[in-house]
1. Return the residues of region 198-241 that are among the acidic types (Asp, Glu) and in a strand (DSSP E or B); say none if nothing qualifies.
2. If the requirement is being part of a strand (DSSP E or B), small (Gly, Ala, Ser), within 28 Å of residue 197 (Cβ to Cβ) and touching a Leu at 6+ places or on another chain (Cβ under 7 Å), which of these qualifies: 82, 45, 110?
3. Quickly run through region 181-195 and pick out the residues that are within 17 Å of residue 163 (Cβ to Cβ) and touching a strand residue (DSSP E or B) at 6+ places or on another chain (Cβ under 6 Å).
4. Could you look through region 174-191, keep only residues that are of a type in the set (A, V, I, L, M, F, W, C) and closer than 14 Å to residue 235 by Cβ, and pick out the one that is nearest to the chain's Cα centre (by Cα)?
5. If I ask for residues that are among the aliphatic types (A, V, I, L, M) and not in a strand (DSSP E or B), which ones from region 144-195 would you list?
6. So which of 208, 237 ends up being among the hydroxyl-bearing types (Ser, Thr, Tyr), out of contact with any His (no Cβ under 6 Å at 6 or more places or on another chain) and closer than 30 Å to residue 302 by Cα?
7. So which strands (runs of 3 or more DSSP E) stay within region 341-436 end to end and still have 3 or more residues that are touching a strand residue (DSSP E or B) at 6+ places or on another chain (Cβ under 9 Å) and buried (at least 24 other Cβ atoms within 10 Å of the Cβ)?
8. If you check residue 159 against the conditions, is it under 22 Å from the mean Cα position of the chain (by Cα), among the aliphatic types (A, V, I, L, M) and closer than 21 Å to residue 204 by Cβ?
Amino acid sequence: MSETDLDRPSEECGVIGISTRSDDAARLGFFGLYALQHRGQEAAGIAVSDGRAVRVHKDLGLVSQVFDPQALAPLVGGLAIGHTRYSTTGSNSERNVQPYVVETLHGPLGVAHNGNLVNADHLRTKLLARGAGLQSSSDSEVLALMLAAAEGDSWEERLATVMPEWEGAFSLVIISSSKVIATRDPWGFRPLSLGRLPVGGHAIASETGALRTLGCDAIREIEPGQIVVLQGDVVRTIQAMSPKPRQARCTFEHIYFSRPDAVWDGLSIHQVRQHLGEELARQHPVEADVVVPVPDSSMPAAIGYAAVSGIVYNEAFVKNRYIGRTFIEPTDELRRNGVALKFNTLEDNIRGKRLVVIDDSIVRGTTSGPLIRMLRDAGALEVHVRITCPPIAHPCFFGVDMGTYDELIAHQLSVEEINAHIGSDSLGFLSLDRMMKALGRDDGYCNACFTGDYPVPVQLQLASSKQRFDGVLG
């Protein structure tokens, strides 16, 4: 993984669930996963049921690398779930690729998971004590085996039985021989939405944009603690757990993760990002000639900053969107120039200009400095960096890879010291209150990576972690 990848919060995972009248659920799942590719680029998989057996195809790689017509041909059936993976808990290896499919006393069961359980080690120990044979290092397999062993007359009853034992983030899609089931944790960390397919039946996906790619209408968010059961055209909803009093939607879905065409918590991601830029312009104005984004997620924010500041918007970078999507390792010399692999500059837009550079975050501080040097080499007179969120000073334990305390630059350095470290003329982060103002929300979100105030206590469960904790978390 290059330094340019390391200096971004790494995408979580994407899940899809399909119930349709035809036997082509896998093909719909493929296109749904394609629309969720940005959420995980390490592995992909689809499991399908024809009413009797559950078949699965999965492998390391992008969706387009894992699936071709030959791989999809055997996946016949009207029910499907799919997963595109970024490794959070568990390494990136074939044994951790999802969906997990297991044979149980109640028939075949497949599970795909977006999120991270903070008590996974405790649950794993309990399973091992019962003699369970764990094949992977992923907490998602723990979920599957707990569900397989749970009591109840149906899969939704078994799911409702074990959900209270799971602490942390989980948006799940589950397949049996006869139904697709989905659920969200009662804190609401990760997004999950339901839509009606134009060919009959329904689809579930991590982002509404994937549902729109499939032509869905009547799209709605699955509520925290809900179980949704799909069988043919029928949808049943069960409120298995009451939503937690402290809701904890991940703010980074708005800042960075979700595609700009997504809607979550009733909010347009593109509009929220534009509002973040507007608030940033009000909080951190500066005299400059042009506002430029670091593509792609910062583009709406740069538009918002330009609109409020009155400074012209333009582009300074061209991004090679495919350089990170190859298994061919660069040479050592190319690796040392990792930022240049991903970005080139538009010198005519930069030379002799004072720039306001809009970016979504600074995590480890490994990308900002090289980008600023590229701008200066292209002739920029001044480079003023503005970030659309507060400093990230704490790790995430709920499915986002942001690094450890020792790796987070904002945990080690002040804003002034970060400014000196990356070589900008000035540096401004959006404050927490202005960020929430841009969302139009007072609460209901997890901002622990900024504040250290975790919505689920994590210290006891992660006592064996190598992370360094300052004070009590939770």
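1. The answer is 217, 221.
2. Being part of a strand (DSSP E or B), small (Gly, Ala, Ser), within 28 Å of residue 197 (Cβ to Cβ) and touching a Leu at 6+ places or on another chain (Cβ under 7 Å) holds for just one of 82, 45, 110, which is 82.
3. The answer is 181, 182, 183, 184, 185, 188, 189, 190, 192.
4. So the residue we want is 182.
5. 144, 145, 146, 147, 148, 149, 150, 159, 160, 162, 163, 192 - these are the residues of region 144-195 that are among the aliphatic types (A, V, I, L, M) and not in a strand (DSSP E or B).
6. Within the list 208, 237, the selection yields 208.
7. Ranges flagged: 354-359, 382-387.
8. Against the criterion (under 22 Å from the mean Cα position of the chain (by Cα), among the aliphatic types (A, V, I, L, M) and closer than 21 Å to residue 204 by Cβ), residue 159 does not qualify.
The values are calculated or read from the model by the stated rules, or taken from the named source; none is laboratory data. If you're wondering where the values come from, they're calculated on a predicted model, not measured in any experiment. Counting neighbours? That spans all protein chains shown, and the Cβs are built from the backbone with ideal geometry, glycine included.
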